[in-house]
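The structure appears right after this line, and notes come after that.
The values are calculated or read from the model by the stated rules, or taken from the named source; none is laboratory data. These numbers come from a predicted model, not from an experiment. Every residue, glycine among them, receives a Cβ derived from its backbone with ideal geometry; neighbour counts consider all protein chains shown. Areas reflect the complete protein model, heavy atoms only, side chains present, ligands, DNA and RNA absent. Shrake-Rupley method; radii C 1.70, N 1.55, O 1.52, S 1.80 Å.
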Amino acid sequence: MTDPRLDDLAARVPGLRLLTELADLIHYGRDWTRRWGPAPLAVALPDTVGQVQAIVRWANGCQIALVPSGGRTGLSGGAVATRGELVLSLERMNRVLGFDATDRLLEVEAGITLHATHEAARAQGLLYPVDFGARGSCTIGGNIATNAGGIRVIRYGTTREWIAGLTVVAGNGELLQLNRGLVKNSSGYDLRQLMIGSEGTLGVVVGAQLKLTDPPPPAQTMLLALPHMDALMQVFALFRTQLKLQAFEFFTDVALRHVLAHGAQRAIDADQPYYVVAEYDAADERDEQAALLAFEDGVREGWISDGVIAQSEAQAAALWRLREGITESLAPRKPYKNDIALRISAMPAFLHEMQELLAREYPQMEVVWFGHIGDGNLHINVLPPPEMEQAEFVARCERVTQLLADALQRHGGSISAEHGIGLVKRAYLGSTRSAAEIALMRGVRHAFDPNGILNPGKLFEQES
Ligand code: 2HG
Ligand code: ZN
């Protein structure tokens with residue numbers, strides 16, 4: 001070790017794995033945003049809760065900032081380390097610690113991937129229902145840090161609903177066991193819920209007790225082509241009343257062009273501006289009949305132009321790829337991303353206002369919309385024109401984001417639905433949270449992390 005602070009850390013935490021090679025600093029110092037140059041001091045890979053506590057105490061002693069790190073698939077810069085921080089990666093703490101069949105609780109370490117969590121639940125004949133495209137790399141700890149949502153929120157809610165207990169190392173190094181798997185616990189503040197969505201600014205989540213549920217009945221997947229924007233919410237209202245929806249996702253023709261160019265198979269001949277992937281319970285013929293009737297009603301109303309129903313698991317996967325492959329297909333273009341939320345009832349009016357705003361403000365840019373429209377959550381990805389400098393592009397998008405934030409404030413929405421605030425959206429936090437709320441949030445942070453060593457600068461601007 002060359003840095004004496006790291007020698008000190010190594011001496012205080014015997015057996016701690018520390019990485020300082022440039023390639024590792026780059027790998028662990030960035031997330032999927034790719035906007036900031038990674039420059040951490042080093043990367044620590046603890047293997048036990050005791051090691052995490054010792055690292056946090058060391059960081060308090062020498063005032064080194066820590067960046068808790070999961071799979072770094074985040075899109076808001078919540079896990080980037082750009083200023084000599086120590087990255088605290090939970091990747092070695094990825095074990096399943098136990099399963100209780102009576103409580104239906106799966107106990108895991110925070111570094112387990114979402115995919116491995118699904119597999120562990122499946123091995124018990126049960127389901128951990130939070131799911132989204134980054135499942136192979138993202139970790140439960142990261143999901144908790146951002147209250148991750150994904151493609152089945154419409155049926156199951158967000159990560160928040162599925163956490164029965166958390167083991168956390170607070171910013172002062174104390175170990176907290178929050179809620180301990182209880183179903184009911186009316187004993188004051190629910191610190192577990194406070195931790196969920198706190199983006200690593202209150203404590204390091206080291207373990208979780210996850211609720212599992214029954215696997216869903218067999219499902220069918222339908223791809224729909226829609227002739228106009230209003231049809232999105234009209235078809236949603238129709239399907240929601242007539243079917244038992246598991247997912248209702250949308251994307252535009254622009255998104256479709258990108259996934260097809262990226263290798264996905266064309267699944268429908270229609271050439272329409274909007275598409276929906278709907279998944280619903282199809283346990284028997286009656287359910288399947290109901291889906292056909294809903295589809296026909298939508299066609300009769302002029303809201304649906306065309307559709308296909310997957311006839312096999314492989315076909316269903318191909319339909320899902322059209323939706324889930326969008327982020328990856330756009331990644332090489334380094335898009336600027338918005339991730340916004342509205343009440344479903346506010347969506348029809350907002351969609352029109354937003355369409356106008358984006359057309360006016362981004363005249364020469366390609367704008368790709370998609371997302372979890374059934375949850376009131378839209379993803380907007382703006383692609384830079386080839387000749388435009390990254391800095392100029394981001395500055396332009398930030399100006400438009402301010403306009404979007406103002407519109408969201410008027411409509412009672414949120415600047416982040418599921419990706420978190422991180423670095424990317426902290427300037428707009430005030431459009432979603434009142435000054436009084438932000439002051440309380442800062443106070444909470446101070447109570448958990450008095451020296452401000454946990455992920456400083458994320459979620460809100462750092463206090464000077
Ligand atoms: C999704 O829903 C993810 O696919 C990523 O939340 C969204 O890339 C995005 O903007
Ligand atoms: Zn999403």
query: For ARG286, which of the numbered conditions (1) more than 16 Å from ligand 2 (Cβ to nearest atom); (2) under 31 Å from the mean Cα position of the chain (by Cα); (3) of a type in the set (Lys, Arg) fails to hold?
result: (2)
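On the given criteria, is GLY376 small (Gly, Ala, Ser) and either modelled with pLDDT under 95 or within 18 Å of the chain's Cα centre (by Cα) (or both)? Reasoning before the result, please.
Values: small (Gly, Ala, Ser): yes; either modelled with pLDDT under 95 or within 18 Å of the chain's Cα centre (by Cα) (or both): yes.
Criteria met by GLY376.
Can you tell me which residue among ARG135, ARG122 is touching a strand residue (DSSP E or B) at 6+ places or on another chain (Cβ under 8 Å), basic (Lys, Arg) and either away from ligand 1 (no atom under 16 Å from the Cβ) or open to solvent by 10 Å² or more (accessible area, probe 1.4 Å) (or both)?
Working: ARG122 fails: touching a strand residue (DSSP E or B) at 6+ places or on another chain (Cβ under 8 Å).
Residue meeting the stated conditions: ARG135.
Answer yes if at least one residue in the range 325-335 is assigned to a loop (DSSP other than H, G, I, E, B) and in contact with a strand residue (DSSP E or B) (Cβ under 9 Å, 6 or more places away or on another chain), and no otherwise. Show your work before the answer.
Going through the range 325-335, the residues assigned to a loop (DSSP other than H, G, I, E, B) turn out to be 325, 334-335.
Right, trim to in contact with a strand residue (DSSP E or B) (Cβ under 9 Å, 6 or more places away or on another chain) and you get 334-335.
Yes, because at least one residue in the range 325-335 is assigned to a loop (DSSP other than H, G, I, E, B) and in contact with a strand residue (DSSP E or B) (Cβ under 9 Å, 6 or more places away or on another chain).
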- request: Output the qualifying pairs, or none if there are none: Cβ atoms under 9 angstrom, residues six or more apart or on different chains, first residue in the range 179-198 and open to solvent by 50 Å² or more (accessible area, probe 1.4 Å), second residue of a type outside the set (Ser, Thr, Tyr) and part of a loop (DSSP other than H, G, I, E, B).
  value: VAL183/ASP103; ASN185/ASN179; ASP190/ASN179; LEU191/ASN179; LEU191/LEU202; LEU194/LEU202
query: Quick one: ASN381 ticks every box in (1) part of a helix (DSSP H, G or I); (2) crowded, with 22+ Cβ neighbours inside 10 Å bar one, so which box is it?
result: (1)
task: Would you confirm whether any residue within the range 427-449 is under 18 Å from LEU358 (Cβ atoms), modelled with pLDDT of 95 or more and open to solvent by less than 20 Å² (accessible area, probe 1.4 Å)?
output: yes
- prompt: Counting just the residues of the range 353-369 that are in contact with a strand residue (DSSP E or B) (Cβ under 7 Å, 6 or more places away or on another chain) and over 17 Å from LEU408 (Cα atoms), which one comes out surrounded by the fewest Cβ atoms within 10 Å (Cβ to Cβ)?
  reply: GLU366
message: For the condition part of a helix (DSSP H, G or I) and either touching a residue at least 60 places away in the same chain (Cβ under 8 Å) or surrounded by 13 or more Cβ atoms within 10 Å (Cβ to Cβ) (or both), what is the one hit in ALA405, ALA391?
response: ALA405
- request: For the range 371-402, name all the residues that are of a type in the set (Asp, Glu), closer than 20 Å to SER416 by Cβ and more than 15 Å from ligand 1 (Cβ to nearest atom).
  value: GLU398
message: For the range 233-257, give me the residue count where each residue is more than 16 Å from ligand 2 (Cβ to nearest atom) and either closer than 29 Å to MET365 by Cβ or open to solvent by less than 30 Å² (accessible area, probe 1.4 Å) (or both).
response: 12
Residue list for the range 123-140, restricted to those being more than 15 Å from ligand 2 (Cβ to nearest atom) and either among the acidic types (Asp, Glu) or free of Cβ contacts under 8 Å to residues at least 60 places away in the same chain (or both): ALA123, GLY136
query: What are the residues in the range 1-46 that are at pLDDT 95 or above and among the acidic types (Asp, Glu), if any?
result: ASP7, ASP8, GLU21, ASP24, ASP31
statement: Residue hits (the range 143-169; under 10 Å from the mean Cα position of the chain (by Cα) and either assigned to a helix (DSSP H, G or I) or assigned by TED's automatic domain parsing to the domain that holds HIS379 (or both)) are ASN143, ILE144, ALA145, THR146, THR159
Residues being closer than 19 Å to LEU223 by Cα, open to solvent by less than 40 Å² (accessible area, probe 1.4 Å) and away from ligand 1 (no atom under 16 Å from the Cβ) - total across the range 310-348: 3
message: Report every pair of residues separated by at least 6 positions or lying on different chains whose Cβ atoms are under 9 Å apart, first residue within the range 233-260 and on the phi > 0 side of the Ramachandran plot, second of a type in the set (Ser, Thr, Tyr) and modelled with pLDDT under 95.
response: none
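Among the residues of the range 421-433, is there at least one that is within 13 Å of ligand 1 (Cβ to nearest atom) and either part of a helix (DSSP H, G or I) or of a type in the set (Lys, Arg) (or both)? Please lay out each step first, then the result.
Of the residues in the range 421-433, the ones within 13 Å of ligand 1 (Cβ to nearest atom) are 424-425.
Next cut, either part of a helix (DSSP H, G or I) or of a type in the set (Lys, Arg) (or both) only: 425.
Yes: the range 421-433 contains one or more residues that are within 13 Å of ligand 1 (Cβ to nearest atom) and either part of a helix (DSSP H, G or I) or of a type in the set (Lys, Arg) (or both).
Can you work out which of the residues in the range 450-464 that are open to solvent by 70 Å² or more (accessible area, probe 1.4 Å) and without any contact (Cβ under 8 Å) to a residue 60 or more places away in the chain is farthest from the chain's Cα centre (by Cα)? Steps first, answer last, please.
Taking the range 450-464 as the starting set, the residues that turn out to be open to solvent by 70 Å² or more (accessible area, probe 1.4 Å) are 451, 461-464.
Those left that are additionally without any contact (Cβ under 8 Å) to a residue 60 or more places away in the chain: 461-464.
Working: GLU461: 21, GLN462: 23, GLU463: 26, SER464: 29 Å.
Among residues in the range 450-464 that are open to solvent by 70 Å² or more (accessible area, probe 1.4 Å) and without any contact (Cβ under 8 Å) to a residue 60 or more places away in the chain, the one farthest from the chain's Cα centre (by Cα) is SER464.
Can you name the helices (runs of 4 or more DSSP H) wholly within the range 1-92 that have at least 3 residues being open to solvent by less than 40 Å² (accessible area, probe 1.4 Å)? Working first, answer last.
Details: elements: 4-12, 22-28, 49-62.
In the range 1-92, the matching helices (runs of 4 or more DSSP H) lie at 49-62.
Could you look through the range 342-384, keep only residues that are among the polar types (S, T, N, Q) and more than 16 Å from ligand 2 (Cβ to nearest atom), and pick out the one that is nearest to ARG433 (Cα to Cα)? Show your work before the answer.
Just the residues of the range 342-384 that are among the polar types (S, T, N, Q), to begin with: 345, 355, 364, 377, 381.
Among the residues that remain, those that are also more than 16 Å from ligand 2 (Cβ to nearest atom) are: 345, 355, 364.
Values: SER345: 20, GLN355: 24, GLN364: 32 Å.
Per the criteria, the residue is SER345.
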